[in-house]
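The structure appears right after this line, and notes come after that.
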Amino acid sequence: MTINSLDPVDIGALRTLVLVYDLRSFSAAAERLNVNQSTISYTVERLRVAFQDPLFVRQGNGVTATEHCAALVDWARETIGQIEGLASPAEFDPAVAKGTVTISCNHHERQTLIPQFSTRLRAAAPHARLVLLDAAGHGSVHLKQNQCDIVLGPVGIVGENFYRRHILTDHYVCVMDPANALASGRITLSAYCKAEHVFVTHNGEWQPLYVDVLKAKGIVLEPAITLPSHDSLERIIPGTSLIAAIPHHLARATQGGLHIAPLPFRVPISIDMYWSARTAKSGLHKWARSLLGEVAKESAVTAK
């Protein structure tokens, strides 16, 4: 019997190939999979023989992919997603479903959508697990490296193996201490620009969407305070003259008694849901995505 050079290629080997490609490191891939680095090296060597290409070459402390490897990884992602989709049960009953739904999102989504989603998921699918990751500008990486199943937020993820569904449109509003002079009436653009601002940059990985809108008007703001997340605004702003532009849905969810006022300009925030071919046909994940869409739709109605 003739042995084809591709016979050693299996879905596990393809997963390893994609992981090494994403992490640019054999050792990091080994740590992620909780195996010895020699196991990764052995798998990659099998693939090198099968595809007659070095696949990865050393570069500094990591590795870089060959052109052929990059094309192969694109094919591998799609193939893995299709195989996992075929392995998913044709019928799905949330009451008996087991599995994990991992969502990468920021403070905004964790405060506005996740609480209701979590409650309804637990009620309908008590055996399913929910895991949240802090996106902090890395949601696309989490999805591409299969660290999460869903990314939520105002991000843009492109590629043939990724899917997008728009679930909510939010907009920025201004929050401040109720005693702030700006809380007594309509805020003009001039008064807004002269105020002391708080910026939220998600660990320096994100620029608020309104910054570019203001730059187009020739306005550059210098923040008095820059925060890694929205989660401390309710403790930092009270008793000060500081103001912050944050999403309307998030402002409504705050518990610090902050005054909410319209901005003198409007900037929409598109909250989208992304997932990959890996979970596109999974019963649990299709159901979870539908539930998230329902929660977002209800949230938009109550915000009006």
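Throughout, read-outs are computed from the coordinates displayed, never taken from laboratory work. From a predicted model like this one, the values you see are computed outputs, not experimental measurements. Ideal geometry is used to build each Cβ from the backbone, glycine not excepted, and the neighbour counts take in all protein chains shown.
Points worth noting:
- Exceeding the 30 Å Cα-Cα cut-off - candidates 217/297; 144/194; 144/286: 217/297; 144/194
- Extending 7 Å from Cα along the Cβ direction at residue 53 and again at residue 24 yields two label points whose distance is 1.9 nm.
- Put a plus charge on the Cβ of each Lys and Arg, a minus charge on the Cβ of each Asp and Glu, and nothing anywhere else: the dipole of the stretch 170-267 about its Cα centre is then about 340 debye.
- Quotient of the Cα radius of gyration of the stretch 170-267 and 2.2 N^0.38 Å, N being its number of residues: 0.98.
- The sum of -39500 (n - 2.57) across all DSSP H runs of n ≥ 4, divided by the residue count of the chain, sets its helix-only mean residue ellipticity at 222 nm to -12000 deg cm²/dmol.
- Counting only alpha carbon atoms, the long axis of helix 37-51 and the longest principal axis of the chain meet at about 70°.
- Distance from the alpha carbon centroid of the stretch 23-53 to that of the stretch 258-304 works out to 37 angstrom.
- Gyration tensor verdict on the stretch 59-209 (Cα atoms; rounded if a/c is under 1.5, prolate if a/b is larger than b/c, oblate otherwise): oblate
- Each Lys and Arg contributes +1 and each Asp and Glu -1, all at the Cβ; summed about the Cα centre of the stretch 11-87, the dipole is approximately 200 debye.
- Between residue 224 and residue 255, the simple spin-label model (points 7 angstrom out along Cα→Cβ) gives 2.6 nm.
- Near the amide H of residue 101, within less than 5 Å, lie the amide hydrogens of 129, 130, 131, all on another chain or at least 5 residues away, with H placed in the peptide plane.
- Cα shape, the chain, gyration tensor, a/c 1.5 rule: prolate
- Label-to-label distance, residue 217 versus residue 31, with points set 7 angstrom from Cα along the beta-carbon direction: 4.5 nm.
- For the listed peptides 56-63, 69-76, a ranking on the average number of other beta carbons within 10 Å per residue, highest first, reads 69-76, 56-63.
- Least to most buried among 35, 173 (fewest other Cβ within 10 Å first): 35, 173
- DSSP bridge orientation in the stretch 170-267 - percent antiparallel, rounded to nearest 5: 60
- Pairwise FRET efficiency - residue 297 versus residue 67, Cβ, R0 = 41 Å, nearest 0.05: 0.40
- Sorted peptide list for 268-277, 222-231, criterion being average Cβ within 10 angstrom, highest first: 268-277, 222-231
- Amide H contacts for residue 263 (H built 1.01 Å from N in the peptide plane; partners 5 or more residues away or on another chain; cut-off under 5 Å): 174.
- Assigned charges on the beta-carbon of Lys, Arg, Asp, Glu; the chain dipole about Cα centre (debye): 520
- Here the chain carries DSSP beta bridges of which approximately 60% are antiparallel, counting only pairs with both residues inside.
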